[in-house]
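This report refers to the structure that appears directly beneath it.
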Amino acid sequence: MSKFYILGTYASHALTGMMSNPDSDRSAAITQFVESMGGSVSMFSIVRGSSDVIVGIDGLDFDTVASMKIAVMSSGVMTSMDILEEVDMKSIVTKAKTASENYKKPGE
């Protein structure tokens, strides 16, 4: 299983809902949602910048995380959600080296 990071931006009506109930614990709601899909939350932070929230998720595959994105986005609560997947850079560059050695440019 991979590690994923979700960057999300709240829709205006979601922020209105948060203002109406400032004591609402979004971290607990997100943790329950992720756990219901078989994963765990490694981090949850409200952030300042181009995104409003970042969530670290462990123990799920990409298809499950993508299905969760569809569920959240279809609710209209978020205007954007980016799924970032942790990768093994050593493995990637090792394979890239092999690919580079075997690739032939046009005309070669």
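All of the numbers you see were taken from the coordinates with simple rules; none came from a lab. The structure displayed is predicted, hence computed values, not measured ones. Virtual Cβ from ideal backbone geometry, glycine too; neighbours counted across all protein chains shown.
A Förster radius of 25 Å combined with the Cβ-Cβ distance from M89 to Y5 puts the calculated FRET efficiency at roughly 0.95.
With 0.36 nm allotted per residue and the present C-alpha distance subtracted, the A96-D63 stretch has 9.4 nm of extension available.
Arrange L60, L84, L7 by Cβ neighbour counts within 10 Å, fewest through most, would you?
Numbers: L60 20, L84 12, L7 17.
Starting with the residue having the fewest Cβ neighbours, the order is L84, L7, L60.
Nearest 500 deg cm²/dmol is fine: what mean residue ellipticity at 222 nm does the chain get from its DSSP H runs of n ≥ 4 alone, each adding -39,500 (n - 2.57), divided by its residue count?
Rounded to the nearest 500, it is -14000 deg cm²/dmol.
Taking the number of Cβ atoms within 10 Å of each Cβ as an exposure proxy, the fewest-first ranking of S2, S20 is S20, S2.
With neighbours defined as other Cβ atoms within 10 Å of a residue's Cβ, the residues F4, F62 order from fewest to most as F62, F4. If only the Cβ of Lys and Arg carry +1 and only the Cβ of Asp and Glu carry -1, the dipole of the chain around its Cα centre is close to 400 debye. For the chain, the C-alpha radius of gyration sits at 1.41 times the compact-globule guess of 2.2 N^0.38 Å, with N the residue count.
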